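The values are calculated or read from the model by the stated rules, or taken from the named source; none is laboratory data. No experiment lies behind these values; they were computed from the predicted model shown. Neighbour counts run over all protein chains shown; Cβ positions are idealised from the backbone, glycine included.
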Amino acid sequence: MPTVNPEPLWRPDAQRIARAQITKFQTWAAEQHGAPSHGGYPALHRWSVDELETFWRAVTQWFDVRFSTPCTRVLGDRSMPGARWFPGATLNYAEHALRAAATRPAEPALLYVDETHEPTPVTWSELRRQVGSLAAELRALGVRPGDRVSGYLPNIPQAVVALLATAAVGGVWTSCAPDFGARSVLDRFQQVEPVVLFTVDGYRYGGKEHDRRDVVAELRAELPTLRAVVHIPVLGTEPPRGALDWAALTASDEEPVFEQVPFDHPLWVLYSSGTTGLPKAIVQSQGGILVEHLKQLGLHCDLGPGDRFFWYTSTGWMMWNFLVSGLLTGTTIVLYDGSPGYPDTGAQWRIAERTGATLYGTSAAYVMACRKAEVHPARDFDLSKVKCVATTGSPLPPDGFRWLHDEVRDDLWIASVSGGTDVCSCFAGAVPTLPVHTGELQAPGLGTDLQSWDPGGHPVIDEVGELVVTNPMPSMPVRFWNDPDGSRYHDSYFDTYPGVWRHGDWITITSRGSVVIHGRSDSTLNRQGVRMGSADIYEVVERLPEIKESLVIGVEQPDGGYWMPLFVHLAPGAALDETLLGRIKQSIREQLSPRHVPDEVIEVPGVPHTLTGKRIEVPVKRLLQGTPLEKAVNPGSIDNLDLLHFYEGLARERA
């Protein structure tokens, strides 16, 4: 339980608060739209959810969103699912992403970094030129508004150009990273039936070249709707037969033509991890993403011209789409293609230094790996330009906050953020004008009525409950692909509390307004009626140097009993002897509670993850409950299927 009034780890000084975009926005919104001029962020947030339409109108005016046709009203229908934002309005996402080319043509829009860690710039004018050329070629290939365009691409400048050119013509972008195998990609792309595929011959990772030409050949054979394949020679090979050459498609000097599409016109399709069944194909809109990302990046992340935005991600994760949207604020974005820890664990800090990153985003897992490997970022790198380090993927443990504070800078804004692929944004996280408390997210986002609910649907404060959002957000899915009656979309978020988005996380909202994330509610541990998140246990167990990674599962037994095993993947040279076993149990008992102590600690060869790096708890739970492997999990969504056979064998032995 959070302490009522602990000392913050960090407070922004008066100057930083005055300079923040969110402060200027609040002053302006008070004059123009009746927002509260006093009371700081909590008052602004209250207003943004109470006066939802006024707030979003203010966002579009503050960021000068260009509607080629104005809207009739901000929110035509507030029901969830089915909210209708800015009905009647038309616009184009890519047009807004390239606006800085008019005023800062020679400055870098992109900084591309590979494993040599040497940044290569792409200027705003060059980015705009390539998008113009490629958009014209896509139209020549017959790509029309609503057609799907797919990318099997690493995090390289060509991927950004392809996304923006697709959006410019009103096409619908979708991408997978080239470390995905053919089956995983087909599980995603076959659902949406793309007409164009952008692809590489391979990629480089961890100092090695990975040839993907066989996978590309399989994709071409299994995607019958393709009219064109575009070859990008990362490894320098010749285009396969019948493929178009990237260089030829981006050679001309064409002014981009931006198709003006309805606000809710699809922009891209993202995929849920798909650990059971086919991945959900989540459709988000041009307008919804535009305004949500302007709010999130411009106000919450405080990004603008002069900033450099680096987030370690691949094209298979929503954070890549979020990173590209940094362009909307006129920010230079940093694209890193390579291993997060090559040639050493400190690699990402070196990239932050060499690119002059002002906001550097990474995973909580990477921060904890640096702590364990005794990396010293401030000692070894010049990080004077870094104003904020942000983390997501899983909750950042308190030790991670303290390590960043001690090892990067004591005047560092640490933003642990939490959201989801489902909204391609954050429900809670960064606020540049609020203090940071160890182990906590600063606050819910503007326009997001985030609450913690008990099973009866009543909001609770300072208690663990379900993460719910009680009002619509513009970036919520307009629909799922191939879900004609909307039942799959409804059942994913709205079947527990009708008309209210239930995300599937346990959270605490503190009486100070901050947020603590405890892990997934659908894999939540429940000992003697006390609910707890797995993240709390991972944080304690993985502090022990012998533990490389862990997985805890709570399994309801047919006889009404409850079995809670802890699986541990040991560091090289470590052994699960009585001493280590005792230390694991003692750490959990002392730092969490006796109820958190597992029934068994079992050594495993590894912890399975989704392709985006999340530990898979629910499918392992299903295996342990006797569900056959093919029904418990979608094999194409897992990073190492052999590991699951181990858990399957364990389930058989127990049965």
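Can you confirm whether Val516 is in a strand (DSSP E or B) and either buried (at least 24 other Cβ atoms within 10 Å of the Cβ) or among the β-branched types (Val, Ile, Thr) (or both)?
Details: in a strand (DSSP E or B): yes; either buried (at least 24 other Cβ atoms within 10 Å of the Cβ) or among the β-branched types (Val, Ile, Thr) (or both): yes.
Against the criterion (in a strand (DSSP E or B) and either buried (at least 24 other Cβ atoms within 10 Å of the Cβ) or among the β-branched types (Val, Ile, Thr) (or both)), Val516 qualifies.
Restricting attention to region 576-597, and to residues there that are outside any helix (DSSP H, G or I) and modelled with pLDDT of 95 or more, which single residue is surrounded by the fewest Cβ atoms within 10 Å (Cβ to Cβ)?
It comes out as Asp577.
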Being under 24 Å from Leu153 (Cα atoms) and not aromatic (Phe, Trp, Tyr) narrows it down to one of Leu297, Leu235, so name that one.
Leu235
Checking the condition of a type in the set (Gly, Ala, Ser), in contact (Cβ under 8 Å) with a residue 60 or more places away in the chain, surrounded by fewer than 20 Cβ atoms within 10 Å (Cβ to Cβ) and not in a helix (DSSP H, G or I), which residue from Ser79, Ser37 passes?
Ser79
Among (1) under 30 Å from Gly181 (Cβ atoms); (2) at pLDDT below 80, where does Thr627 come up short?
(2)
Could you check Asp307 against (1) within 27 Å of Pro178 (Cα to Cα); (2) without any contact (Cβ under 8 Å) to a residue 60 or more places away in the chain and say which number it fails?
(1)
Identify, please: which residue in region 519-547 is touching a Gly at 6+ places or on another chain (Cβ under 8 Å) and either β-branched (Val, Ile, Thr) or in a loop (DSSP other than H, G, I, E, B) (or both) and is, among those, nearest to Cys370 (Cα to Cα)?
Gly533
(1) outside any strand (DSSP E or B); (2) in contact (Cβ under 8 Å) with a residue 40 or more places away in the chain: which one isn't true of Arg371, the others all being true?
(2)
Please indicate, with yes or no, whether at least one residue in region 307-322 is of a type in the set (Lys, Arg) and assigned to a strand (DSSP E or B).
yes
Keeping to region 104-114, report how many residues are surrounded by fewer than 18 Cβ atoms within 10 Å (Cβ to Cβ) and either in contact (Cβ under 8 Å) with a residue 24 or more places away in the chain or of a type in the set (A, V, I, L, M, F, W, C) (or both).
3
Selection from region 5-34 of residues that are crowded, with 16+ Cβ neighbours inside 10 Å and among the basic types (Lys, Arg)
Arg16
Out of everything in region 474-513 that is among the hydroxyl-bearing types (Ser, Thr, Tyr) and over 19 Å from the mean Cα position of the chain (by Cα), what residue ends up being nearest to Ala83 (Cα to Cα)?
Tyr489
Could you tell me which residue of region 175-193 is nearest to Gln284 (Cα to Cα), considering only residues that are surrounded by fewer than 24 Cβ atoms within 10 Å (Cβ to Cβ) and at pLDDT 95 or above?
Val192
Selection status of Val160, within 18 Å of the chain's Cα centre (by Cα), part of a helix (DSSP H, G or I) and surrounded by 21 or more Cβ atoms within 10 Å (Cβ to Cβ)
yes
In a strand (DSSP E or B), within 28 Å of the chain's Cα centre (by Cα) and surrounded by fewer than 24 Cβ atoms within 10 Å (Cβ to Cβ) - does that describe any residue in region 137-147?
no
For residues in region 221-262 being touching a strand residue (DSSP E or B) at 6+ places or on another chain (Cβ under 6 Å) and part of a loop (DSSP other than H, G, I, E, B), which is surrounded by the fewest Cβ atoms within 10 Å (Cβ to Cβ)?
Leu235
Given the conditions (1) polar (S, T, N, Q); (2) surrounded by 19 or more Cβ atoms within 10 Å (Cβ to Cβ); (3) part of a loop (DSSP other than H, G, I, E, B), every one holds for Ser150 apart from (3)
When residues of region 337-364 are limited to those that are over 16 Å from Ala390 (Cα atoms) and of a type in the set (Gly, Ala, Ser), the one modelled with the lowest pLDDT
Gly341
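Conditions tested, residue by residue: (1) under 19 Å from Asp179 (Cβ atoms); (2) more than 18 Å from the chain's Cα centre (by Cα); (3) without any contact (Cβ under 8 Å) to a residue 60 or more places away in the chain.
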| position | (1), (2), (3) |
| --- | --- |
| Gly326 | no, no, yes |
| Gly330 | no, yes, no |
| Val334 | no, no, no |
| Thr345 | no, yes, yes |
| Arg350 | no, yes, no |
| Glu353 | no, yes, yes |
| Leu359 | no, no, yes |
Based on this model, can you work out whether Asp491 counts as acidic (Asp, Glu) and either surrounded by 19 or more Cβ atoms within 10 Å (Cβ to Cβ) or not in a helix (DSSP H, G or I) (or both)?
no
On the basis of being small (Gly, Ala, Ser), touching a strand residue (DSSP E or B) at 6+ places or on another chain (Cβ under 8 Å) and more than 27 Å from Phe494 (Cα to Cα), does Gly445 make the cut?
no
Count of region 401-420 residues which are assigned to a helix (DSSP H, G or I) and under 19 Å from Val431 (Cβ atoms):
3
Given (1) touching a helix residue (DSSP H, G or I) at 6+ places or on another chain (Cβ under 6 Å); (2) surrounded by 18 or more Cβ atoms within 10 Å (Cβ to Cβ); (3) touching a residue at least 60 places away in the same chain (Cβ under 8 Å), identify the lone condition not met by Val500.
(1)
Quick check on region 377-399. Is at least one of its residues closer than 20 Å to Glu542 by Cα and part of a helix (DSSP H, G or I)?
yes
Does any residue of region 620-635 turn out to be in a helix (DSSP H, G or I) and closer than 21 Å to Gly393 by Cβ?
yes
Checked region 533-550 for anything closer than 15 Å to Ser394 by Cβ and β-branched (Val, Ile, Thr); matches are Ile537, Val540, Val541
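Matching residues to (1) among the basic types (Lys, Arg); (2) under 24 Å from Val324 (Cβ atoms):
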residue: Gly356; (1), (2): no, yes
residue: Tyr360; (1), (2): no, yes
residue: Ser384; (1), (2): no, no
residue: Ser394; (1), (2): no, yes
residue: Arg402; (1), (2): yes, no
residue: Ala428; (1), (2): no, yes
Would you confirm whether any residue within region 54-70 is on the phi < 0 side of the Ramachandran plot, at pLDDT 95 or above, in a loop (DSSP other than H, G, I, E, B) and basic (Lys, Arg)?
yes
Options Asp406, Asp411, Asp454, Asp399; residue that is farther than 22 Å from Ser492 by Cα and free of Cβ contacts under 8 Å to residues at least 24 places away in the same chain
Asp406
Within region 280-288, can one find any residue that is assigned to a helix (DSSP H, G or I), of a type in the set (Gly, Ala, Ser) and buried (at least 20 other Cβ atoms within 10 Å of the Cβ)?
yes
